[in-house]
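Beneath this line is the structure, given in structure tokens, with notes to follow.
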């Protein structure tokens, strides 16, 4: 019986002896044996001989006791077809690799678009508002002269909820129950002002009911008291929170302990309808009710002009829009750290994605190397 020829890996050292197939990476060793009869032509790849003819890629006739390193289990071959078989095998591998990469890229893009548009659709359906977010352009809700997480600041992106999907809790009600959002008691609402003016995003302070006799009622004021049970409100013409008239004053509002008043008789004469007293959180720029400072030109905020209720804050994300539109006055004055914080956040997210990708690929390569060692045993 003739000597068996050995299958071996197609290594870089062998490639240097076979320049015609220097790019072929698909021929891996199987470490099995086959029988080659005497005189049969085989594609030899052996460091001890110049095995390849310049024109054809060459073969060598196998003789008894010759041991050759070969790449494939051969039948009798014509010299001219050896290189062409290698090239065809190589091209198939390259095309398969590129097709696989292209398919993976297309799949990733489709998944990304599906995630973005699917998420937007679900978010819109759940919030009941389209679009389900708004960008804060002013500083009226800030608690400091820099942007902070958990407070509505200039440049924040705020997710919204439709009024039908939630219940508005006023500052007075939140004070009694402990319910708070965005750093203060009660809910923040977004309401329309008409005349193509920008909507206002301020906190609902108190709901006032208009009585038929020209007075006002606000039953929730009965629980707005300090630790000693003293009222944190007063009314010039009445001490009954169900029959209010004259000037209503509310004390200790918000983090700045603001005091604000409104003349209910003037309100009755001009805008005799029930609604919310509203105010911005900023203790420097917004110390008066919107209804007395001209922000809400039509009196109390009725439910039919409430566009949405503030739901969740994405800090700094809207600062990019303001910067691109050149609306940076409030951003520079009240939230100068928004853009730097946004840039840092983006860098951290990208670094995290790279780290995750590296970890996954490294784990996969460890698995591949372990599998190869097992096959070699």
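The values are calculated or read from the model by the stated rules, or taken from the named source; none is laboratory data. Computed from a predicted model, the values in this text were never measured in an experiment. Cβ sites come from the backbone with ideal geometry, for glycine too, and all protein chains shown count toward neighbours.
See the values below:
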read-out: Segment 290-313, residues that are within 20 Å of residue 182 (Cβ to Cβ) and not in a helix (DSSP H, G or I); value: 295, 296, 301, 306, 307, 308, 309, 310, 311, 312, 313
read-out: Only listed residue being in a helix (DSSP H, G or I), modelled with pLDDT of 50 or more, under 24 Å from residue 357 (Cα atoms) and more than 20 Å from the chain's Cα centre (by Cα), chosen from 110, 116, 106; value: 106
read-out: Within segment 125-156, tally of residues that are surrounded by 15 or more Cβ atoms within 10 Å (Cβ to Cβ) and outside any loop (DSSP other than H, G, I, E, B); value: 4
read-out: Wholly within segment 179-276, strands (runs of 3 or more DSSP E) carrying at least 3 residues that are crowded, with 16+ Cβ neighbours inside 10 Å and touching a residue at least 40 places away in the same chain (Cβ under 8 Å); value: 188-191, 200-210
read-out: Every residue from segment 314-326 that is in a helix (DSSP H, G or I) and in contact with a helix residue (DSSP H, G or I) (Cβ under 7 Å, 6 or more places away or on another chain); value: 319, 320, 322, 323
read-out: Residue, surrounded by the fewest Cβ atoms within 10 Å (Cβ to Cβ), within segment 166-178, restricted to residues that are in contact (Cβ under 8 Å) with a residue 40 or more places away in the chain and touching a helix residue (DSSP H, G or I) at 6+ places or on another chain (Cβ under 9 Å); value: 176
read-out: Considering residues of segment 327-377 that are without any contact (Cβ under 8 Å) to a residue 60 or more places away in the chain and not in a helix (DSSP H, G or I) only, the residue farthest from residue 282 (Cα to Cα); value: 377
read-out: From 152, 190, 250, 205, residue being at pLDDT 95 or above, closer than 20 Å to residue 137 by Cβ and touching a strand residue (DSSP E or B) at 6+ places or on another chain (Cβ under 6 Å); value: 190
